[in-house]
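Trainee: Pasting in a structure now, in structure tokens, and then I'll have a few things to ask.
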Ligand SMILES: [Zn+2]
């Protein structure tokens with residue numbers, strides 16, 4: 001199924017992507033997430049059941065197959 005992105009009216013293509021989400025002070029990485037991606041601007045859209053699955057995994061915080069170390073940059077002192 002394809003449809004147009006609301007921003008630039010480009011056709012959305014089905015792809016599997018990496019989705020990074022922050023939640024409170026945690027960063028959670030989801031790999032191989034089925035998504036629709038705009039061919040022009042890269043806008044990402046998830047279909048309903050995928051959003052539910054991501055939220056479920058986020059809330060349950062079950063054991064993950066692997067972890068990443070994440071650098072944190074702070075721009076509070078930048079002009
Ligand atoms: Zn677009």
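Trainee: Could you line up 40, 66 from fewest to most neighbouring Cβ atoms inside 10 Å?
Mentor: Starting with the residue having the fewest Cβ neighbours, the order is 66, 40.
Trainee: Hey, quick one: spin label on residue 31, modelled 7 Å out along Cα-Cβ, who in the stretch 44-79 has an amide N within reach, i.e. under 19 Å?
Mentor: 54-55, 57-58, 61-71
Trainee: With each pseudo-label sitting 7 Å past Cα toward Cβ, what's the residue 77-residue 47 distance in nm, one decimal?
Mentor: It is 4.9 nm.
Trainee: Mind pulling up the Rg/Rh value for the chain? Radius of gyration and Kirkwood radius, both on Cα.
Mentor: 1.05
Trainee: Taking the Cα atoms only, what angle lies between the long axis of helix 48-60 and the longest principal axis of the chain, rounded to 10 degrees?
Mentor: That helix lies at roughly 10 degrees to the long axis.
Only the coordinates and a few stated rules stand behind these numbers; no lab work does. In this text the structure is predicted, and so the values were computed from the model without any measurement. Every residue, glycine as well, gets a Cβ built from its backbone with ideal geometry; the counts of neighbours run over all protein chains shown.
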